[in-house]
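Trainee: My structure is below; once you've seen it, I'll send some questions.
The values are calculated or read from the model by the stated rules, or taken from the named source; none is laboratory data. Since this is a predicted model, take the numbers as computed values, not measurements. For neighbour counting, all protein chains shown are included, and Cβ atoms are generated from backbone atoms with ideal geometry for every residue, glycine included. Just so you know, the surface numbers come from the protein's heavy atoms only, side chains and all, with ligands and any DNA or RNA stripped out. Shrake-Rupley method; radii C 1.70, N 1.55, O 1.52, S 1.80 Å.
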Amino acid sequence: MKLAVFDFDSTLMDGETIDFLAQELGLKEQVSHITELAMSGQLDFFESLTTRVSLLKGLQYHKVLDICRNLPLMPGAEEVVKGLQDRGYKVVCFSGGFREGTTPAKLKLGLDADFANFLHHKDGLLSGYVGGDMMFGFSKGDMLVRLQKLLGVSVEDTIAVGDGANDKSMFEHASKRVAFCAKEVLKKEANIIIDTKDLSLILNQI
């Protein structure tokens, strides 16, 4: 068995889920700035995540679900998932974002699993709190190792694809490390670099 793990925001999906949500509250620029600092490695991921989510407090949860059902997939996403599965890979999404966004994408793309955080909500409104599998900068690498052990997959048979600093921890455990339209901090750790917004180009590199 082989394993391919993709980041979600700005990798499988064309944009940042939290920016789409913040736009509803007129806070997109403020949230985008914090996202940029985190993805460039200038801000601790946990701090950036909790700070950004706190700004979403009061947003109606049904609006969150509507927005997340309609997030734009990255060009080539469907092709790369099917292409890898045809080659014997389990294809999984790891996101420092939210299951509200990754689960609809998992169903559309036919992913084997998705791991992400959850937006806490109460009385139909976001509380400003978040929890889940992917809260820290090391979370993706930690989960990747656990999956490799569970599935019996070696580092040599693992592909990791991402764009930002919180994807570095995955790269330590994958022989094929794809920086996709990525920040410099991640490109330094990659052995495959794709700067065109077309995920299907990965299939030519493996």
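Trainee: Is it the case that region 65-78 has a residue that's closer than 30 Å to Ser154 by Cβ and without any contact (Cβ under 8 Å) to a residue 60 or more places away in the chain?
Mentor: If we filter region 65-78 for residues that are closer than 30 Å to Ser154 by Cβ, which is where we start, we get 73-74, 76-78.
Now narrow it down to the ones that are without any contact (Cβ under 8 Å) to a residue 60 or more places away in the chain: 78.
The answer is yes, given that some residue of region 65-78 is closer than 30 Å to Ser154 by Cβ and without any contact (Cβ under 8 Å) to a residue 60 or more places away in the chain.
Trainee: Among what's in region 143-173 and is touching a Phe, Trp or Tyr at 6+ places or on another chain (Cβ under 6 Å) and modelled with pLDDT of 95 or more, pick the residue that is surrounded by the most Cβ atoms within 10 Å (Cβ to Cβ).
Mentor: Here is the first cut: in region 143-173, the ones touching a Phe, Trp or Tyr at 6+ places or on another chain (Cβ under 6 Å) are 143, 160-161, 163, 166, 169.
Filter once more, keeping what is modelled with pLDDT of 95 or more: 143, 160-161, 163, 169.
Details: Met143: 19, Ala160: 28, Val161: 30, Asp163: 20, Ser169: 23.
Checking each candidate, the answer is Val161.
Trainee: Which is open to solvent by less than 60 Å² (accessible area, probe 1.4 Å), among the basic types (Lys, Arg) and more than 19 Å from Ala182 (Cβ to Cβ), of Arg69, Arg52? I'd like the intermediate steps shown before the answer.
Mentor: Working: Arg69 fails: open to solvent by less than 60 Å² (accessible area, probe 1.4 Å).
Of the residues listed, the single one that is open to solvent by less than 60 Å² (accessible area, probe 1.4 Å), among the basic types (Lys, Arg) and more than 19 Å from Ala182 (Cβ to Cβ) is Arg52.
Trainee: Among the residues of region 105-131 satisfying the criterion of being in a strand (DSSP E or B) and either under 24 Å from Glu78 (Cα atoms) or modelled with pLDDT under 95 (or both), which is farthest from the chain's Cα centre (by Cα)?
Mentor: Only one residue fits best here, namely Ala113.
Trainee: Where the second residue is open to solvent by less than 80 Å² (accessible area, probe 1.4 Å) and the first is among the acidic types (Asp, Glu) and lies in region 185-203, which pairs have Cβ atoms under 7 Å and are six or more apart or on separate chains?
Mentor: The qualifying pairs are Glu189/Lys168; Glu189/Phe171; Glu189/Arg177; Asp195/Cys181; Asp198/Pro75; Asp198/Gly76.
Trainee: Check region 177-192 and report whether any residue there is among the aromatic types (Phe, Trp, Tyr), surrounded by 15 or more Cβ atoms within 10 Å (Cβ to Cβ) and closer than 14 Å to Val92 by Cβ.
Mentor: no
Trainee: Hey, any hits in region 157-168 for a residue that's in a helix (DSSP H, G or I), within 30 Å of Gly58 (Cβ to Cβ), of a type in the set (A, V, I, L, M, F, W, C) and in contact (Cβ under 8 Å) with a residue 40 or more places away in the chain? Reasoning before the result, please.
Mentor: Here is the first cut: in region 157-168, the residues in a helix (DSSP H, G or I) are 157, 165-168.
Narrowing further to those that are within 30 Å of Gly58 (Cβ to Cβ): 165-166.
Applying the additional criterion that residues be of a type in the set (A, V, I, L, M, F, W, C) yields 165.
This time we only want the ones that are in contact (Cβ under 8 Å) with a residue 40 or more places away in the chain, so: 165.
Yes, region 157-168 has at least one match.
Trainee: A follow-up question, please. Search region 116-140 for residues being without any contact (Cβ under 8 Å) to a residue 60 or more places away in the chain and in contact with a Lys or Arg (Cβ under 8 Å, 6 or more places away or on another chain), and hand back the single one that is least open to solvent (accessible area, probe 1.4 Å).
Mentor: Met134
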